[in-house]
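What follows is a short report on a single structure.
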There are 2 protein chains.
Amino acid sequence: MSAVTSTAGTAEDVVDLVRTAIHQGEFAPNQRLVEADLSVWFGASRAAVRTALLQLTAEGLVERVQNRGARVRAVSLEEAIEICEVRMVVEGLCAAKAAQRASEDDLDGLREIAAGMRHAVEAGDVFAYSELNRRLHAAVRTVAGQHVAAGVLERLRGQNVRHQFRLALLPGRASVSLPQHLEIVDAICARDPERAEAAMRAHLASVIDTLPQVGSSPVH
Amino acid sequence: MSAVTSTAGTAEDVVDLVRTAIHQGEFAPNQRLVEADLSVWFGASRAAVRTALLQLTAEGLVERVQNRGARVRAVSLEEAIEICEVRMVVEGLCAAKAAQRASEDDLDGLREIAAGMRHAVEAGDVFAYSELNRRLHAAVRTVAGQHVAAGVLERLRGQNVRHQFRLALLPGRASVSLPQHLEIVDAICARDPERAEAAMRAHLASVIDTLPQVGSSPVH
DNA sequence: TTCGCCAACATTGTCGCCAATCCTTGCGTC
DNA sequence: GACGCAAGGATTGGCGACAATGTTGGCGAA
């Protein structure tokens, strides 16, 4: 209910507004998104809102049924697991590609992130670790140079940021995932594609195993 | 230039019309898609065409640049390879899942497709083999019960049907891929997830190796 | 009382028009 | 002759209004 009344006329802006609103929980899962309401809410025309909802539907963030309106798509635990399973294999591919194609500068960047992760865990800074986690996966995607895979992953990531976020807050999670992350970086730095893929898959398999613990309880 | 003047007013219909037109080569890659032209072409309103183009952009079939219009997205050979690489790992996941979750009826269906493939190759029926190929991959997706992966694959398939089609026409291609397909079915029927995944990945790796031979020459 | 029908409401889908933006072409100048 | 610039045309983006559709509530009859 917090006032997000930042008025932005263009359609692309409405997309960003609604997307971040969903990610940050301003819009709850299954909440109806009435075009007219969002129109006055954001100070944009209904056509702009309509276009934005169409775009977000394509991104998999909102659901639309013919003549019945749009609502925030709720991703069940089962679907979150499926998403992570696909992420597992695709990010595994990216890790392998990264091990093959990384430049020395790329490797330095990865090592830097790994070092930051160590420090964050030592300092118990969960938020910094979560951010570094995001940066590591993004770096692997970038280094891999696999644009199609990057697009797929970006899409999937947008759909379960909520679950990811709750996972990061799980106590003791960092100490479990840290060695996995370090192994990924090590394998890529060793330019060993198969080991890198295996490490990435093992990491995400661990995420999948942990997901049920975070459950599908609302965060409120 | 063939007359596709089947008039259909609703936006969803325009999506289907344009999609099949692109798939069948009515619209060449990089061809501009002017909203007004398509509007009179299909007998739909410009808003409907606009919505349809938005949808197709999300599907990755058309490209849109701000205030510069839409055009049929051309997938380069490099991108086709990337698509197949992602398909390789995701369909590998599906094959593994299928090996775990298939019912006896599912296995019968797979064996039936495999038998049909053998006959098609013996008879030299390239078209039937191509159709069975499509059905086999679709069956694996379905049996796997992995809806997220299925969605990703459907998306990717739509983007390089052209390349896939040209690949199927390559002489001698069927005799290379037939044993790979049979191995996939065998592995799933043996309920061996790792072998199924390996078989699927080997098959698509073979596809990737063959792709450069088909080149990116226009088919006209 | 309960079931079924009907009407009013709420919401989305569609259309045509106007403004904003980009590309092209022609002209003038160096 | 080539470059820069401005006017014109072409095309997309945005907006309001109207039509179509699904939903909800009320009313009457069995």
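The values are calculated or read from the model by the stated rules, or taken from the named source; none is laboratory data. Since the model is a prediction, treat every value here as computed from it, not as a measurement. Note that we place each Cβ from the backbone using ideal geometry, even for glycine, and neighbour counts take in every protein chain shown.
Among the residues examined, residue A:73 does not qualify as within 12 Å of chain B (Cβ to nearest Cβ), of a type in the set (Lys, Arg) and within 17 Å of the chain's Cα centre (by Cα).
Every test in (1) free of Cβ contacts under 8 Å to residues at least 12 places away in the same chain; (2) over 23 Å from the mean Cα position of the chain (by Cα); (3) under 25 Å from residue B:67 (Cβ atoms) is passed by residue A:16 save one, and that test is (2). When residue B:58 is tested against (1) more than 16 Å from DNA strand C (Cβ to nearest atom); (2) closer than 30 Å to residue A:89 by Cα, only condition (1) is not met. Checking residue A:146 against (1) more than 16 Å from DNA strand D (Cβ to nearest atom); (2) surrounded by fewer than 17 Cβ atoms within 10 Å (Cβ to Cβ); (3) not aromatic (Phe, Trp, Tyr), which test does it fail? Residue A:146 satisfies all of (1) more than 16 Å from DNA strand D (Cβ to nearest atom); (2) surrounded by fewer than 17 Cβ atoms within 10 Å (Cβ to Cβ); (3) not aromatic (Phe, Trp, Tyr) except (2).
Just one of the listed residues (A:208, A:113) is within 14 Å of chain B (Cβ to nearest Cβ), outside any loop (DSSP other than H, G, I, E, B) and aliphatic (A, V, I, L, M), namely A:208.
Residues are listed down the side, and each one gets a yes or a no for (1) within 13 Å of chain A (Cβ to nearest Cβ); (2) touching a helix residue (DSSP H, G or I) at 6+ places or on another chain (Cβ under 6 Å); (3) touching a residue at least 12 places away in the same chain (Cβ under 8 Å):
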| residue | (1), (2), (3) |
| --- | --- |
| B:25 | no, no, yes |
| B:31 | no, no, yes |
| B:38 | no, yes, yes |
| B:46 | yes, yes, no |
| B:53 | yes, no, yes |
| B:66 | yes, no, no |
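Tally time: how many residues in the stretch A:124-140 are of a type in the set (Val, Ile, Thr) and at pLDDT 95 or above? Here the count works out to 1. Among residues of the stretch A:122-176 being touching a residue at least 60 places away in the same chain (Cβ under 8 Å) and away from every other protein chain (no Cβ under 14 Å), the one that is nearest to residue A:85 (Cα to Cα) is A:161.
Residue-by-condition table, conditions (1) surrounded by 21 or more Cβ atoms within 10 Å (Cβ to Cβ); (2) more than 28 Å from residue A:88 (Cβ to Cβ); (3) hydrophobic (A, V, I, L, M, F, W, C); (4) touching a helix residue (DSSP H, G or I) at 6+ places or on another chain (Cβ under 9 Å):
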{"position": "B:126", "(1), (2), (3), (4)": "no, yes, yes, yes"}
{"position": "B:135", "(1), (2), (3), (4)": "no, no, no, yes"}
{"position": "B:170", "(1), (2), (3), (4)": "no, yes, yes, yes"}
{"position": "B:183", "(1), (2), (3), (4)": "no, no, no, yes"}
{"position": "B:189", "(1), (2), (3), (4)": "no, no, yes, yes"}
{"position": "B:202", "(1), (2), (3), (4)": "no, no, yes, yes"}
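Exactly one residue among B:85, B:78 is touching a residue at least 24 places away in the same chain (Cβ under 8 Å) and within 12 Å of chain A (Cβ to nearest Cβ), and that residue is B:85. Residues that are within 16 Å of DNA strand C (Cβ to nearest atom) and of a type in the set (Asp, Glu) within the stretch B:16-48 comprise B:16, B:35, B:37, listed in sequence order.
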